[in-house]
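Rule-based calculations on the coordinates, nothing more; no lab input. Model, not experiment: these values are computed from the prediction. All Cβ positions, glycine included, derive from the backbone under ideal geometry; neighbour counts span all protein chains shown.
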Amino acid sequence: MLTTITCPSWGALTSVTWLGVINSIVAVGSLIGTEIIRRRYQTTDQQVVMQLLIGLYSSMIVGSFVFALSGAFVIAIAGFYLSQTLRNVSRPLLLLWVNLNAEKHIRATVISTYWQANAFGQVAGSPVLGWLGSVISIRFALSIGTLTYIGTLPLLLMAQRR
């Protein structure tokens, strides 16, 4: 963000301060989004949870592409806000879905495996994306990273049909 987008200079707000402000707004948006879903949707209904996850992941992908490809501060920040907020809102729903479907005696193992796979993907993918960002461009690397999320949509659609 700091190398491809110029943050506006408002008084004493440095780039680091901007990141803190933006991440604080994402945290508040995530809390509000989670609360809206909790109050408005029947999250014990698997079809509702799957529809929410498909919508959240689809919108998160759009937000990630907007962030990756925009050079304008306001548009890039809107994409970042959208992608990060929806990612934060979708995590509890995904874990809720696992809890609804995994047998009691393997539930903890399934959740642990999810987090281990997530960590492995970050460890394995980050150096490659970092290299692509250095060799080609940061926007290209962010776009490739976003493309990996598209693979979740067919999996969610298959899960929804079950």
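Just to verify a result, which residue in segment 1-44, among those that are outside any helix (DSSP H, G or I) and among the aliphatic types (A, V, I, L, M), is farthest from residue 88 (Cα to Cα)?
In the first step, residues of segment 1-44 are kept if they are outside any helix (DSSP H, G or I); the result is 1-14, 41-44.
Those left that are additionally among the aliphatic types (A, V, I, L, M): 1-2, 5, 12-13.
On the way: 1: 19, 2: 22, 5: 23, 12: 29, 13: 26 Å.
Among residues in segment 1-44 that are outside any helix (DSSP H, G or I) and among the aliphatic types (A, V, I, L, M), the one farthest from residue 88 (Cα to Cα) is 12.
Taking residue 47 as the residue in question, decide whether it is of a type outside the set (Lys, Arg), in a helix (DSSP H, G or I), over 26 Å from residue 145 (Cβ atoms) and in contact (Cβ under 8 Å) with a residue 12 or more places away in the chain. I'd like the intermediate steps shown before the answer.
Working: of a type outside the set (Lys, Arg): yes; in a helix (DSSP H, G or I): yes; over 26 Å from residue 145 (Cβ atoms): yes; in contact (Cβ under 8 Å) with a residue 12 or more places away in the chain: yes.
For residue 47, the condition - of a type outside the set (Lys, Arg), in a helix (DSSP H, G or I), over 26 Å from residue 145 (Cβ atoms) and in contact (Cβ under 8 Å) with a residue 12 or more places away in the chain - is met.
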